[in-house]
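The values are calculated or read from the model by the stated rules, or taken from the named source; none is laboratory data. None of the values given here were measured: they were computed from a predicted structure. Virtual Cβ from ideal backbone geometry, glycine too; neighbours counted across all protein chains shown.
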Amino acid sequence: MLLVVAMAVKITADELFRQWFLPLYPVDARDLAKVRATDANPANNPSIVAHLEDAASVFVARAKEILGADLRLDFSDASVHRLSAALTRERRDAWMRAGSGAENELFNVVVHGAAYVGACVVRAHGGAWSVRRPLWESMVRLKSRAGEADLAVFHWWLKSLADDAEATLADRYRAHVEVPCARPEELPRIAPSRTLPRIAKPRYDVFYKYIKAHLPELRDLGEHFPTPERFEAYRFKWLELALVGDGRMLVVHGPSEGGVAMFWLTAAGFEKSAFWAADSFPEHRVKIDGEKIAVILGVGGKVVTHEMLWWGP
């Protein structure tokens, strides 16, 4: 008897694009590099932009039907996070099976959903549509403290729906919109900036006592600070601490098991963390220069630098 084993095929963002979207591109729009670099609305015709806003409204109107719940899609940042959490693989697969061509549900969800996310950036953060052809390739131009960038919201959707997705839709929105547009200067100051000594032998109890001795103004590590068990699991070799943003945030970093970990704390306690896989040698370095932090580490024998704003990724 022949035994046939069904192997699940991973669906990548490129496969999603080529199967459900590329066939619907006009023949003269198959040069993708040209399409994505060419302004399709050089005269700033408001009626063309209105089509994008209409597409966003269609998505809001159909959201409960296609996502199974009222996500309160009010064009806020928080609504993008609610939407992101609803984008499950099961829903994606159901959309792929529903209809074909321009009537396929996946196609319609993504193109209208991209318009919705873009409209959130436009309404909440002063972004401006950068129109492309076909219209769903349109990007949003955003000026922020991180610079000026064209945000490819359509491709954010494809990447977030892939089986090998490295980031969710919310992750990308946070990194490219919320963090660059944040106003961390409005955070309460923890303490005046000053040099803080290294912790040579980090343990949870040692860290707690260190904060009380060297930074008593920070009265609470916050409910989301790593538990004693989680803290010990990092196996930190040492920890360095630095007040950034004129004393509005505390950055804690150190070499840990398999890489480098960094925490950000505000006056209210733990805010966020990041981890980068890295070689144990050479030891990582952190450079703080004005509004930017650079984390320099060795990966596979090469030097890799991660840059971010001082309030984190």
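For PHE236, the conditions (1) in a strand (DSSP E or B); (2) crowded, with 18+ Cβ neighbours inside 10 Å; (3) free of Cβ contacts under 8 Å to residues at least 40 places away in the same chain all hold with the exception of (1).
Looking at segment 182-210, which of the residues that are closer than 18 Å to TRP310 by Cα, free of Cβ contacts under 8 Å to residues at least 60 places away in the same chain and in contact with an Asp or Glu (Cβ under 9 Å, 6 or more places away or on another chain) is surrounded by the most Cβ atoms within 10 Å (Cβ to Cβ)? Give the derivation first.
Residues of segment 182-210 closer than 18 Å to TRP310 by Cα: 182-196.
Next, from what is left, pick out any that are free of Cβ contacts under 8 Å to residues at least 60 places away in the same chain: 183, 186, 191-196.
Remaining after also requiring in contact with an Asp or Glu (Cβ under 9 Å, 6 or more places away or on another chain): 191-193, 196.
Numbers: ALA191: 16, PRO192: 9, SER193: 14, LEU196: 18.
The selected residue is LEU196.
Checked against (1) under 30 Å from VAL111 (Cα atoms); (2) free of Cβ contacts under 8 Å to residues at least 60 places away in the same chain; (3) not β-branched (Val, Ile, Thr), GLU271 meets all criteria but (1).
All of (1) more than 19 Å from VAL111 (Cα to Cα); (2) modelled with pLDDT of 95 or more; (3) surrounded by 17 or more Cβ atoms within 10 Å (Cβ to Cβ) hold for TYR173 with one exception: (1).
This table checks each residue for (1) at positive phi; (2) in contact with a Phe, Trp or Tyr (Cβ under 8 Å, 6 or more places away or on another chain).
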residue: HIS214; (1), (2): no, no
residue: ARG219; (1), (2): no, no
residue: ALA242; (1), (2): no, no
residue: ASP246; (1), (2): yes, no
residue: THR266; (1), (2): no, no
residue: PHE270; (1), (2): no, yes
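Kindly establish whether ASP220 is exposed (fewer than 14 other Cβ atoms within 10 Å of the Cβ), farther than 22 Å from ALA146 by Cα and in contact (Cβ under 8 Å) with a residue 40 or more places away in the chain.
Details: exposed (fewer than 14 other Cβ atoms within 10 Å of the Cβ): yes; farther than 22 Å from ALA146 by Cα: yes; in contact (Cβ under 8 Å) with a residue 40 or more places away in the chain: yes.
Against the criterion (exposed (fewer than 14 other Cβ atoms within 10 Å of the Cβ), farther than 22 Å from ALA146 by Cα and in contact (Cβ under 8 Å) with a residue 40 or more places away in the chain), ASP220 qualifies.
Scanning segment 260-313 for residues that are among the β-branched types (Val, Ile, Thr) and surrounded by fewer than 19 Cβ atoms within 10 Å (Cβ to Cβ) yields VAL286, ILE288, ILE296, VAL299, VAL303, VAL304, THR305. Restricting segment 75-115 to residues that are within 14 Å of THR168 (Cβ to Cβ) and of a type in the set (Val, Ile, Thr) leaves a set whose member that is surrounded by the most Cβ atoms within 10 Å (Cβ to Cβ) is VAL80. Scanning segment 40-74 for residues that are within 26 Å of ARG133 (Cβ to Cβ), exposed (fewer than 14 other Cβ atoms within 10 Å of the Cβ) and of a type in the set (D, E, K, R) turns up just one, ASP54.
Residue-by-condition table, conditions (1) among the aromatic types (Phe, Trp, Tyr); (2) in contact with a strand residue (DSSP E or B) (Cβ under 7 Å, 6 or more places away or on another chain):
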residue	(1), (2)
LYS159	no, no
ARG174	no, no
PRO180	no, yes
PRO188	no, no
TYR208	yes, no
GLU232	no, no
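Could you look through segment 12-39, keep only residues that are in contact (Cβ under 8 Å) with a residue 12 or more places away in the chain and of a type in the set (A, V, I, L, M), and pick out the one that is surrounded by the fewest Cβ atoms within 10 Å (Cβ to Cβ)? In this case the residue turns out to be LEU24. Annotation: of all residues in segment 246-266 being part of a loop (DSSP other than H, G, I, E, B) and in contact with a strand residue (DSSP E or B) (Cβ under 9 Å, 6 or more places away or on another chain), the one that is farthest from ARG174 (Cα to Cα) is GLY258.
Of these, VAL109, VAL122, VAL179, VAL131, which one is touching an Asp or Glu at 6+ places or on another chain (Cβ under 7 Å) and β-branched (Val, Ile, Thr)? I'd like the intermediate steps shown before the answer.
Values: VAL109 fails: touching an Asp or Glu at 6+ places or on another chain (Cβ under 7 Å); VAL122 fails: touching an Asp or Glu at 6+ places or on another chain (Cβ under 7 Å); VAL179 fails: touching an Asp or Glu at 6+ places or on another chain (Cβ under 7 Å).
None of the other options fit; the residue is VAL131.
Results for (1) under 28 Å from VAL299 (Cα atoms); (2) of a type outside the set (A, V, I, L, M); (3) more than 24 Å from the chain's Cα centre (by Cα), shown as yes or no for each residue.
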{"position": "ILE199", "(1), (2), (3)": "yes, no, yes"}
{"position": "VAL206", "(1), (2), (3)": "no, no, yes"}
{"position": "ASP220", "(1), (2), (3)": "no, yes, yes"}
{"position": "ARG235", "(1), (2), (3)": "yes, yes, yes"}
{"position": "LEU241", "(1), (2), (3)": "yes, no, yes"}
{"position": "ASP246", "(1), (2), (3)": "no, yes, yes"}
{"position": "VAL251", "(1), (2), (3)": "yes, no, no"}
{"position": "SER256", "(1), (2), (3)": "yes, yes, no"}
{"position": "THR266", "(1), (2), (3)": "no, yes, no"}
